[in-house]
Amino acid sequence: MKYLLLSLPSLATLLVPFYNSTTPRLFGFPFFYWFLIVLIPASSLVTYLVYKGEKR
Amino acid sequence: MIDHLNWMAAGVFIAFFLLVTILGFVAAHWKRGDLNDLNEWGLGGRRFGAWISWFLIGGDIYTAYTVIAVPSVVYAVGAYGFFAVPYTIIIYPLLYATFPRLWAVAHRKNYMTAADYVLGRYGNNWLELAVAFTGIFATMPYIALQLVGMERVIDALGFQGHGIMSHLPLTIAFVILALYTYRSGLRAPAMIAFVKDIMIYIFVLAAIVIVPMKLGGYGAIFDAAGAALAKKAAVSGGKIAAGLLLSPKQMLPFITLAIGSGLALLMYPHSMTGMLSARSGNTIRINAVALPAYSVMLALIALMGYMALAAGVHVTNPQDAVPHLILAVFPDWFVGFCFAAIAIGALVPAAIMSIGAANTFTRNIWKPFIHPAMNSQEEAVLAKLMSLIVKVGALAFILFVPTKFALDLQLLGGMWMAQVFPAVIFGLYTRWFNGWALLAGWATGMVLGTWLAWTPAAWVPVHAIFGSNLTVYNGVTAFVANVLVAAVLSALLPNTALDETRAEDYADLPETAVAK
């Protein structure tokens, strides 16, 4: 379960055909770019949740 | 030689350089320890808490080369250069899952390098030697690349020289680096990393706010860069795939470069040095959560390639794109600041890399094969000496080998490093693999990957599989072959070699044992 959660962000980065698109744009950023940038804090959050789960 | 020097920028640059030089020597007195002991010199006494580790590991992974090379590829071809972002998304969950286990066993058994661990786990000297050799071999061009990054900014300051004289500033900087690393060990880059990262964050924040203000916002930057790249692709007659999005043919290379680089990065001796100097496994876990802050910065740095395109920066060598963007948009004093940030960003990883390689040489090549009776003091003396030799080697590389060659070797280096992943990381979970089988797998991966990369004209990072149109990073192809060979042979060979670790060695140490 822990490893599945941890691998989710990595798996999302592999969905290249899904995010290889200019639209929808966000603050002028094409989708390709903002999707990858948003994925970074999302990955950090997932790791944090796993960390919290382990600590309890 | 100095007719075109930007005096204001050069003055600020030199001032910051002097500051970190002083810090580098002062660091010897920080968190006091006996620097004649390899544990203290080479791993900072394994006492670095979450904050120091965050700066140290961040300074280790995000280097001058990152600031120069990643945006240079984005500048040259567009979206393809962005593979560095998925790559950094992959590594931190991997770090979280695996490295606390490695830290725990390394702490209990006093392992200082990946090869130390592999020897303990598989009891196979030759596998240890293979892991050590791979690490040292892959590190040299990596250090050389830090120097390339440093040389790009010294060049952009307006320093012009001919022949060997053109490398004079770089040589001076490097001699200083070599001296304080020799004296202070890992404490020096750990202390300088604070200064370096704060400077880089200031530089990046300024760039991502000020450049779009001058160029009409991010939408305008992407549009202008997209048009410039489309024009470039059209002029080349479709030979160069450049654009804001990946062409269908680039998708698989993009994915596999990210995966392969991810497998390789944590295996480098300097990554091990950074991680094993942490105070506890928990320090590493906290860092796996916090280090992605650097990845956000990396993504923004990558976008500077587009900012350079949109600002109309024209350079023949794409590696000059970021320095010339900085020259185009910032006042001179801030140019000096930014360039100093990049140059210091070369010193930190170069120091850690030379320490990592020196630790590995001492512990895994010299000690077992030449002089088994070494004590920790003798180890420290040899490692200090080796850190000098490694740096002189890297400097010679820059002075005598064209830098184009260094870049190609770096791509090879990543492919090589990925080949020790099975021995190190799989070993944290299972002892099913046989040491000899892992060695055979390693050899298969090294030979296959190097062979795939070789073309008469240059070393290429990707290769079409079985002549199909599926193009894959050599590091991944070689890794798969490596694992297959290791698995098949492990199933056949009896597994009787001594394993000095036990299952409980991989669990976290109790907090009380870690406190000091």
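Go through the range B:365-385 and count every residue that is more than 14 Å from B:Leu177 (Cα to Cα) and without any contact (Cβ under 8 Å) to a residue 40 or more places away in the chain.
10
Looking at the range B:417-431, can you tell me whether even one residue there is at pLDDT below 80, among the hydrophobic types (A, V, I, L, M, F, W, C), within 19 Å of B:Ile91 (Cβ to Cβ) and crowded, with 18+ Cβ neighbours inside 10 Å? No, the conditions are met nowhere in the range B:417-431. Only one entry of B:Ser376, B:Ser387 meets the criterion of being modelled with pLDDT under 90, surrounded by fewer than 17 Cβ atoms within 10 Å (Cβ to Cβ) and small (Gly, Ala, Ser), and that entry is B:Ser376.
Suppose the filter is open to solvent by 30 Å² or more (accessible area, probe 1.4 Å) and not in a helix (DSSP H, G or I); does B:His324 pass it? For B:His324, the condition - open to solvent by 30 Å² or more (accessible area, probe 1.4 Å) and not in a helix (DSSP H, G or I) - is not met. Just to verify a result, which residue in the range B:268-292, among those that are part of a loop (DSSP other than H, G, I, E, B) and closer than 12 Å to B:Ile91 by Cβ, is modelled with the lowest pLDDT? Ranking the qualifying residues of the range B:268-292, first place goes to B:Leu291.
Among residues of the range B:446-458 that are at pLDDT 80 or above, those with a Cβ under 8 angstrom from a residue that is assigned to a loop (DSSP other than H, G, I, E, B) and open to solvent by 30 Å² or more (accessible area, probe 1.4 Å), sequence gap 6+ or separate chain, pair up as B:Ala453/B:Val460; B:Ala453/B:Pro461. Considering B:Ala423, B:Ala350, B:Ala341, B:Ala380, the condition of being in contact with a helix residue (DSSP H, G or I) (Cβ under 6 Å, 6 or more places away or on another chain), over 30 Å from B:Pro100 (Cβ atoms) and either among the acidic types (Asp, Glu) or not in a loop (DSSP other than H, G, I, E, B) (or both) is satisfied by B:Ala341 alone.
Scanning the range B:283-297 for residues that are at the interface with chain A (Cβ under 9 Å from one of its Cβ atoms) and either open to solvent by less than 10 Å² (accessible area, probe 1.4 Å) or not hydrophobic (A, V, I, L, M, F, W, C) (or both) yields B:Arg285, B:Ala288, B:Leu291, B:Pro292, B:Ser295.
Matching residues to (1) within 14 Å of chain A (Cβ to nearest Cβ); (2) under 19 Å from B:Ile398 (Cα atoms); (3) at pLDDT 90 or above; (4) open to solvent by less than 30 Å² (accessible area, probe 1.4 Å):
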{"residue": "B:Gly78", "(1), (2), (3), (4)": "yes, no, no, yes"}
{"residue": "B:Val85", "(1), (2), (3), (4)": "yes, no, yes, yes"}
{"residue": "B:Leu94", "(1), (2), (3), (4)": "yes, no, yes, no"}
{"residue": "B:Arg101", "(1), (2), (3), (4)": "yes, no, yes, no"}
{"residue": "B:Arg108", "(1), (2), (3), (4)": "no, no, no, no"}
{"residue": "B:Trp126", "(1), (2), (3), (4)": "no, no, yes, no"}
{"residue": "B:Ala138", "(1), (2), (3), (4)": "no, yes, no, yes"}
{"residue": "B:Gly161", "(1), (2), (3), (4)": "no, yes, no, yes"}
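Quick grid of which residues meet (1) in contact with a His (Cβ under 9 Å, 6 or more places away or on another chain); (2) within 14 Å of chain A (Cβ to nearest Cβ); (3) open to solvent by less than 10 Å² (accessible area, probe 1.4 Å):
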residue: B:Asp223; (1), (2), (3): no, yes, no
residue: B:Lys239; (1), (2), (3): no, no, no
residue: B:Leu245; (1), (2), (3): no, yes, no
residue: B:Phe254; (1), (2), (3): no, yes, yes
residue: B:Leu265; (1), (2), (3): no, yes, yes
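Name the single residue, out of those in the range B:464-493 being part of a loop (DSSP other than H, G, I, E, B) and either touching a residue at least 24 places away in the same chain (Cβ under 8 Å) or touching a helix residue (DSSP H, G or I) at 6+ places or on another chain (Cβ under 8 Å) (or both), that is farthest from B:Arg46 (Cα to Cα). Outline the logic, then answer.
Taking the range B:464-493 and keeping what is part of a loop (DSSP other than H, G, I, E, B), we get B:468-470, B:493.
Still in the running and either touching a residue at least 24 places away in the same chain (Cβ under 8 Å) or touching a helix residue (DSSP H, G or I) at 6+ places or on another chain (Cβ under 8 Å) (or both): B:469-470, B:493.
On the way: B:Asn469: 48, B:Leu470: 45, B:Leu493: 38 Å.
That would be B:Asn469.
A:Leu6 meets all of the listed conditions (1) over 18 Å from B:Gly78 (Cβ atoms); (2) at pLDDT 90 or above; (3) surrounded by 14 or more Cβ atoms within 10 Å (Cβ to Cβ) but one, namely (2).
The values are calculated or read from the model by the stated rules, or taken from the named source; none is laboratory data. The structure presented is a predicted model; accordingly, all values stated were derived computationally and were not measured. Neighbour counts are summed over all protein chains in view; Cβ atoms, including those assigned to glycine, are modelled from backbone coordinates with ideal geometry. The area values use the complete protein model at the heavy-atom level, side chains included, leaving out ligands, DNA and RNA. Shrake-Rupley method; radii C 1.70, N 1.55, O 1.52, S 1.80 Å.
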